[in-house]
Amino acid sequence: MTAPLQDAAPPSEDTDAQVIEASWRDPDRFGAVFDRYFASIHRYVHLRLGESAADDLAAETFLRAFRSRDRFDLTCPSARPWLYGIASNLVADHHRAEARRYRALARSVGAGEVANHDERVVQRVSAAVMQPRLASGLARLSAGDRDVLLLVACAQLSYEEVAAALGIPQGTVGSRLNRARKRLRKIIGSAGEAL
């Protein structure tokens, strides 16, 4: 696995919390948060949903963050976990909407059994970036386990940041990640030894 991406303000700049607080009076200041994190949020959404959804959902992440900036916890110096939490919620919303479309299409066409939505999305999206066996394994994980695994692997968030992003205890992050890794190893075999 590569070294974690460093998405943070240089030491001489204001913290994210200071920038967000300043944006309450001067909304243009929020642009600094966008500049600091857009590329990494876009990359995360791209890995989860593919190129076609990445632009829209990454932009929507920052729109929602901007609109709710007055509720940002100023005791947190970094907006990174908050932004990944918003992005993860949007990804989940996208999955649910797509699942509804697939079910409607299946009913309207009279098609037989439609494959599990999560399995279809993960296989379709991840096939371009990951080995097919890994994509199949990801599709078999629960949504919670998959979110934790992908926030750690793709976004390179710490356990603490994942907990903040998903609103779950740090212990739950560890247990979900451990369970996801074990299940993937079992599903994909020796090709997954690096997990």
Original post:
Gain in length, Q18 to I168, computed as 0.36 nm per residue apart minus the alpha-carbon separation, to one decimal in nm?
Top reply: 51.5 nm
**OP:** For A59 and D93, compute 0.36 nm times the residue count separating them, minus their Cα-Cα distance, and round to one decimal in nm.
**Re:** 10.8 nm
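Rounded to a whole number, what % of the accessible area of the range 46-85 do carbon and sulfur atoms account for, probe 1.4 Å?
Details: 1010 of 1980 Å².
Carbon and sulfur together cover 51 percent of it.
Work out, step by step, the length gained on full extension between D26 and A143: first 0.36 nm times the residue separation, then minus their alpha carbon distance; give nm to one decimal. Each step should come with its number before you reach the end.
On the way: separation 117, 0.36 × 117 = 42.12 nm, distance 3.81 nm.
Going from the current span to full extension adds 38.3 nm.
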**OP:** Report the label-to-label distance for E160 and F38 in nanometres (one decimal), using points 7 Å from each Cα along the Cα→Cβ vector.
**Re:** 2.9
Subject >> Peptides 87-93, 21-27, 177-183 ordered by average Cβ neighbours within 10 Å, highest first >> reply: 87-93, 177-183, 21-27
Subject >> Virtual paramagnetic centre 7 Å along Cα→Cβ of S52, amide N under 20 Å, in the range 138-153 >> reply: 139
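The values are calculated or read from the model by the stated rules, or taken from the named source; none is laboratory data. This one's a predicted model, so the numbers in the text were calculated from it and none came from an experiment. So basically every Cβ, Gly included, is an ideal-geometry build from the backbone, and we count neighbours across all protein chains shown. Protein only, heavy atoms only, side chains kept; ligands, DNA and RNA dropped before computing areas. Shrake-Rupley method; radii C 1.70, N 1.55, O 1.52, S 1.80 Å.
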